[in-house]
Amino acid sequence: MKRILAAILTVCIAGLALGGCAGTPAANTASAGTQSGAEVVSKAEGNKKLTVGFAQIGQESGWRDAETASIQFYAGQHVDTIDFKFADAQQKQENQIKAIKSFIEMGVDVIGLAPVVETGWDAVFTEAKDAGIPIVLLDRRAKVSDDLYATFIGSDFITEGQNAADELAKLLNNKGNVVELEGTVGASAANDRKKGFDDQLAAKYPDMKVLASQTGDFTRAKGKEVMESFLKTYGNQINAVYAHNDDMMLGAIEAMKEAGMKPGKDIKTVSCDGVKGIFQAMVDGEANVTVECNPLLGPQFFETCQKLKNGETVEKWIKSDESVFRADTAAKDLPTRVY
Ligand code: AHR
């Protein structure tokens, strides 16, 4: 029992320090104490609820906040059947690893993880596997062998990068200079959006050139800062910006306006996600295209966790359904957007 309480406390302390756990609508750490009296809270013994621990990356973007809200909302709507633990890792892999270890100690049924970076997960995933706890990767991938995780729920980032290249090519009539704002270094969303984009340019658009490419860490502030430095170095040579997410593009739009440029006109824009802010920018004529990436994964996530608890098999990749949105329909689309 002591071990259970220690584990609960660890996640709560981590959660509080990290801004998660207590205070989130669906967080429910106390209920673990009413479960089995075994050394480790057991799925088999007494706990009829689905117990899930989720290690979120942080709060770097509007997209991520929407994902967190979707998960917490679903858990909050199902408190009678779901016992949910949430940890916000503040962008640090070491915090995600700590959270996973705490969830293992607690003996949750399933661990969910949005991996901040792709590599460095083998040891902790092996611990989860040895404890018999399946791992569900949510929205980002991890580079581990297939037997170390149950499924990946999320987007095809390579296709998003290819779509972004096709959209920019249309905006530039297949010719021009692009600057690229990359996501977090080492993140699958950044690696694959870059690869998809670069490969598509190489294969189809020989007259489109990437002048410079730098990380903006998926944040608006960093996107603005990096765009300012691109503008200083390349000025009028820049025909378009490709940003791995909308938040960085919104920062870049501020930078272009402050430099006296007209984003969406002088410099074309394509970014990924589909947050309301970029739709508003398209309505205002300051952005051109967003390649959608769906963060509303809460229902799919918990349904998958339940299947895993039931011992059912799940697909190795549960793919999100996504679209591309352009400025010409933004005014009609904006009211329908939920994030
Ligand atoms: O993993 C998905 C990416 O992470 C989103 O594009 C971005 O906004 C988020 O922070």
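The values are calculated or read from the model by the stated rules, or taken from the named source; none is laboratory data. Because the structure is a prediction, the values reported are computed rather than measured. Positions of Cβ are generated from backbone atoms using ideal geometry, with glycine treated the same way; all protein chains shown enter the neighbour counts. For accessibility, only protein heavy atoms count, side chains too; no ligands or nucleic acids. Shrake-Rupley method; radii C 1.70, N 1.55, O 1.52, S 1.80 Å.
Only strands (runs of 3 or more DSSP E) whose full extent lies in segment 118-209 are considered here, and the ones with at least 2 residues that are more than 23 Å from Met248 (Cβ to Cβ) and in contact with a strand residue (DSSP E or B) (Cβ under 8 Å, 6 or more places away or on another chain) are 135-138, 151-154. Filtered by the rule that a residue be more than 12 Å from the ligand (Cβ to nearest atom) and either over 18 Å from the mean Cα position of the chain (by Cα) or open to solvent by 50 Å² or more (accessible area, probe 1.4 Å) (or both), segment 131-143 gives Ala131, Gly132, Ile133, Pro134, Lys143. Taking the conditions exactly as written (free of Cβ contacts under 8 Å to residues at least 12 places away in the same chain, out of contact with any Leu (no Cβ under 7 Å at 6 or more places or on another chain) and either in a helix (DSSP H, G or I) or closer than 24 Å to Phe157 by Cβ (or both)), does Gly260 satisfy them or not? So Gly260 does not fit the description; no. Can you say whether Cys305 is within 16 Å of the ligand (Cβ to nearest atom) and crowded, with 23+ Cβ neighbours inside 10 Å, as far as the supplied structure shows? The answer is no for Cys305.
The number of residues in segment 173-220 being among the aliphatic types (A, V, I, L, M), within 11 Å of the ligand (Cβ to nearest atom) and touching a Gly at 6+ places or on another chain (Cβ under 6 Å) comes to 2. Mind checking whether some residue in segment 276-290 is surrounded by fewer than 24 Cβ atoms within 10 Å (Cβ to Cβ), within 15 Å of the ligand (Cβ to nearest atom) and within 18 Å of the chain's Cα centre (by Cα)? Yes, because at least one residue in segment 276-290 is surrounded by fewer than 24 Cβ atoms within 10 Å (Cβ to Cβ), within 15 Å of the ligand (Cβ to nearest atom) and within 18 Å of the chain's Cα centre (by Cα). Apart from one condition, Ala27 fits all of (1) over 25 Å from Asp217 (Cβ atoms); (2) modelled with pLDDT under 50; (3) open to solvent by 60 Å² or more (accessible area, probe 1.4 Å); the exception is (3). Scan segment 106-122 for residues that are open to solvent by less than 30 Å² (accessible area, probe 1.4 Å), away from the ligand (no atom under 16 Å from the Cβ) and either without any contact (Cβ under 8 Å) to a residue 40 or more places away in the chain or among the β-branched types (Val, Ile, Thr) (or both) and jot them down. Within segment 106-122, Val108, Val110, Ile111 qualify.
Here Phe103 clears all of (1) within 16 Å of the ligand (Cβ to nearest atom); (2) open to solvent by less than 10 Å² (accessible area, probe 1.4 Å) except the condition numbered (1).
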